[in-house]
1. Scan segment 495-513 for residues that are modelled with pLDDT of 85 or more and in a loop (DSSP other than H, G, I, E, B) and report the count.
2. If LEU456 satisfies all but one of (1) open to solvent by 70 Å² or more (accessible area, probe 1.4 Å); (2) in contact (Cβ under 8 Å) with a residue 12 or more places away in the chain; (3) hydrophobic (A, V, I, L, M, F, W, C), what's the number of the condition it fails?
3. Of the residues in segment 52-79, how many are within 24 Å of the chain's Cα centre (by Cα) and of a type in the set (S, T, N, Q)?
4. Could you tell me which residue of segment 27-51 is nearest to HIS74 (Cα to Cα), considering only residues that are outside any helix (DSSP H, G or I) and over 31 Å from the mean Cα position of the chain (by Cα)?
5. Would you point out which residue out of LYS220, LYS200 is among the charged types (D, E, K, R) and either surrounded by 16 or more Cβ atoms within 10 Å (Cβ to Cβ) or part of a strand (DSSP E or B) (or both)?
6. How about segment 259-291: which of its residues are of a type in the set (A, V, I, L, M) and either in a strand (DSSP E or B) or within 21 Å of ARG397 (Cβ to Cβ) (or both)?
7. Considering each residue of segment 14-51, count those that are in contact with a Ser or Thr (Cβ under 8 Å, 6 or more places away or on another chain), surrounded by fewer than 19 Cβ atoms within 10 Å (Cβ to Cβ) and either small (Gly, Ala, Ser) or closer than 27 Å to LYS356 by Cβ (or both), and give that number.
Amino acid sequence: MSRRWIQNPNRCADEYLDGIEDFIEFARRHNPGATRIRCPCRRCNNTLFESIETVGFHLVRNGMIETYSIWNLHGEQVDHASSSNAPRVDNVEPIVDPNDQVMGIIQDAFPFASTNINQEGEDDVPTPIDSAEFEQYEKLLKNANQELYPGCESFSVLTAIVELMHGKIKYRMSNLCFDYFLGVLKRMLPTDNCLPKDHKHAQKVLHSLGLGYEKIHACKNNCMLLYKEHETLDTCPICNKSRFKMTSQNRTTKIPQKVMRYLPLKPRLQRLYMSMHTATDMRWHKEKRVDDDVMRHPADGEAWKEFDRTFPEFAADPRNVRLGLATDGFNPYGVLNQHHSTWPIFAFPYNLPPWKCMKKEYMMMTVLITEDPGRSIDVYLRPLVDELKDLWTNGVRTYDKSTGRMFTLRAAVMWTVNDFPAYAMVSGWSTKGYMACPVCKEDVTSGWHAGKVCYLGHRRWLPLDHEWREKDKEFDGNTERRLRPREWSGDEILEQLNRLDFAPFGKTVSRTRPSTHLNWTHKPMFFELPYWSKLKLRHNLDVMHVEKNVFDTLVGTILDIEGKTKDTIKARLDLERMGIRRGLWMNRDSDKARRDLAFFSMKPNDKKEFLKFVSSVKFPDGYASNIARCVNVDGGKFTGLKSHDCHVFMQRLLPVGIRHLLPEDVVKPIMLLSRFFSQLTAKTLRRTDMFQLRHDIVQVLCKFEMIFPPAFFTSMIHVMVHLPEEALLAGPVNYRWMYPIERLLGELKKSVRNRAKPEGSIIEAWVQYESLTFCGMSMTSAPSSDPPAQLASAATAPAMLDHVVVGPGASQAPASSSSSVAQPPSARRRHRPTDTIDTTSTDGTGASGSQPGITTLLYC
C-alpha cells in the first residue's frame, strides 16, 4: 500500500483525500468499538485523542505528520526482524496498556534504579541512585502497581492521576474546580478506592516526576541576590534595605521583599536524554542533517560552524547541547494593573530537528523575575550564568536512554533572542539615542530631524563607485564617500568593556553615563562564559518586531494616518532647513502655511479603495486572523493589528493593494521590501539568496531616502540592513524570533489563578506542565528521524501575487494555487476552490497549516 499521498502538499488533491479515507477505514478496522483515536495531524501530533470524524477533518485542514508512514499508534505492527522497512498490516498490535506506559515513565525518570551494584565502577554504566531518590522511586512504583480500586485493571493510582492532571492543565481548571470533580469521582468509585481526595494530595504523588525550583531572595532595589555567600544577610550591603517586609511582631515567619524563582538547568537537560523519544533526536544536527547550500537549521549557519572549528572538543560529541536564551516581559493581570511586569527567561535546545525545535514542550523556563529588572537583569542572571559556566567546564554526568550508557553532558549558549528594549538589557548596549544601532555602534549615521533622532547614511553600504554616492540633493544634501561601518569582534568588545568602570546595579544608583562609555550601560554577565567573546553572533535582532514596526511606519505614512505618519509638519520644516526636495516644502499663502498631500501618500478616494480591498480579503482557517475587523474604512485607518497580521499584510496584501494607487517609483521599492521579508522569513534559505537580499535591502533603503523625509528613518528601519547578515550567520529566522516566545507568554498569562501572587501561580503551573510533558514523551513511541518533505527541498521564494484573495470585481487567484479550506472527507468537493490563499507558506510563524505539528500539550 503506497502512502506517498502523506507527502502531497495539496490537501485538496484526489490522491490525498482518498488516502485520508483509507486511513479512517484502517483506524476503524483495527480499533473496533473505539469512538476516539489519536489524531495524527500536524497540530495534534498523535498526542491528543479525538473522535474519528474530527480526525478526518483535522487531516484535511492541518495535514498528516509527514514522518507517520507506519501507523503503529493505530494498530499497525512493524516487523523489526525483517530487513525490509515495509509495514506489515496483517498482524494487529493491541492498543498499549496505559499502566505499562506509566511503568515506562518511571523507568525513564529513574533509569538506574535497578542497576546492579557490581557495575558501579564502570564508566559507561549508570551508578546507583542515593537513598532519597530511591525512596521517591519506590513511592512512584507503589502507586503505579496499586489498583485504583480492588478489581480495577484499567487504571492504577498513578495512571488515574496523570490522566486527571492532564485534563486539569489542558482545560485550565482551577484548584477548587479540580477538587470538586475529584471528590465527585471519589464518591462514585467503590468506597475502598485509592484516588487522592484533592489536588494537593494528587500533586504530591506527581512531585517525584517534577523537577522543582528554588526561591532566591533579592534586594528590593535590584542591587543583588541574597545568594551563596550572602544568603544569611538580613540587609542589602549596597543600599542597606531590609531583606524582609515589616510585619507584626507576633508573626513567626518573615516575608521577603522580593523573590526570584530559579529552575535549575542541569536536570532539565538530563531529562532530554532520559526518554527514548528525544535522546536520538538530540543528535540529529550531526547525524541526520544534510550539509548543502540550503539552510534549514541553525547548524547550517556560519556561526555554528565557526563555533565547531573554535571548540573542536565540544563539537566532537553531538550530544552536547547548544542553547538559545530568550526573555520578555508581560503583564499577568491583563489590563487590571499596568505597572506590574513579570519577566521569565527561557532556554531552548537547538540540537533537535527543525520540526521539534522551538516547540513549547522542549522549552525550559530557567528564571522568573517579579518585575522589569532593566539593566539589573544581570543580577538575576547570576545563578544561570554560574550553572552555564559549570556545564561548560565540568559538565554533568547523564544517562543516555538510546545507548544505555552514561556520558558527560556539556552545554553552551549560542545566542540570545529578544525584542529591541530587552536587547539593550541583555547586551549592555543602549538601543536609544544617537548610537542606538547595536551593530554599527558609534559608527552609525544619525542626526536630529523633526524633533527626534533619525538614522540615514545607507549609501555607505553601496559600492564605492556607485552613482548614488555622488548625488546630494536627492538624499540628505551631502555626497557619501565613507565605507560601511566596521564590524566589532567579541574580543574587541570585551577589551573595550574591561577598560570602562560601571556603576553598581540597583535603582538607587545614578544613571548618568560619561561620554567615554558611548552607549554601554554595563558589562554583560555573559562575558564570564569562556566562549562568549568567541561567538560570531551573540544577540539576535528580532525580525518579528522589526517587521511589525516597519509595517506601522510604512503604512502609516503612505495612508497619511494621523499620529502614525512620519510626514508631519515638523518633517516638512526639516526638509526646508536642509534645503532639499523643494516640492515637499510647506505651501505658504500670505500669513498661512499648509502641508499638501505628498506624492508618496494616497489620495482620500484611493485610500478608501485600498481599505475596501483589505476588508474584502478572506483567509483560510488558521492562516491569519480576520484582518477585516481591524479596518476602519470611514476613519481611513487600521486598529488592533497584531504582529502576525502585519506579517501577512506586509508579504501578501500590501504589494497587491498599492500597485495601481501610488506612483511606480514608490511602488517598486515597497514591493521589493515585501519580497525581502517574504524570502527572509522562509523556513529554508539559500546562501546565494541571502547575498542577493543583502544587496536588495541597501537598494530599498537608498530609494526610501530619495522618497520619504528623514523623519521616516527610525532605528527599526535602519536595522533591516543587518538582517541578511544575521541570517547567513545563524540560519532561518523562525528559530530566532519572538513568535514562539510570545505565544508561550500568552499561555503563562492564562495560568494565573491567584492574582495576589501571580508568579507563584505561573511557576506551579509550569512545573506541573513539565511533569506531564515528560509523561507524554515517555508514553509516545520513539519518532522517526526522517525530515518532513518540504524541509528536504530547496528553498524557494514564495510568490507574492499568486496567493491573495481578491475582493468582488477583481481577478481571481490562478488555478495553480492550492487551498487548505478544510472539509470532512464525507463532504469534500472534488474540484479545487479558488478564492483562497496558499497555506503552504514558507514562513515559520505557525499560522500556516503546513507547519509540522505544534503540540500545545502532550497527551498523557
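The values are calculated or read from the model by the stated rules, or taken from the named source; none is laboratory data. Note that the structure is a prediction, hence the values are computed from the model and not measured. Cβ placement follows ideal geometry from the backbone for every residue including glycine, while neighbour counts extend to all protein chains displayed. Side chains included, ligands, DNA and RNA excluded: accessible areas come from the protein's heavy atoms. Shrake-Rupley method; radii C 1.70, N 1.55, O 1.52, S 1.80 Å.
1. 9
2. With respect to (1) open to solvent by 70 Å² or more (accessible area, probe 1.4 Å); (2) in contact (Cβ under 8 Å) with a residue 12 or more places away in the chain; (3) hydrophobic (A, V, I, L, M, F, W, C), LEU456 is out only on (1).
3. Within segment 52-79, residues that are within 24 Å of the chain's Cα centre (by Cα) and of a type in the set (S, T, N, Q) number 2.
4. For segment 27-51, the residue satisfying everything is ASN31.
5. LYS220
6. VAL259, MET260, LEU263, LEU265, LEU269, LEU272, MET274, MET276, ALA279, MET282, listed by residue number.
7. Result for segment 14-51: 2.
Residue-by-condition table, conditions (1) more than 22 Å from VAL648 (Cβ to Cβ); (2) of a type in the set (Ser, Thr, Tyr); (3) in contact (Cβ under 8 Å) with a residue 24 or more places away in the chain; (4) open to solvent by 40 Å² or more (accessible area, probe 1.4 Å):
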{"site": "PRO663", "(1), (2), (3), (4)": "yes, no, yes, yes"}
{"site": "MET671", "(1), (2), (3), (4)": "no, no, yes, yes"}
{"site": "SER674", "(1), (2), (3), (4)": "no, yes, yes, no"}
{"site": "CYS702", "(1), (2), (3), (4)": "yes, no, yes, no"}
{"site": "PRO709", "(1), (2), (3), (4)": "yes, no, yes, no"}
{"site": "VAL733", "(1), (2), (3), (4)": "no, no, yes, no"}
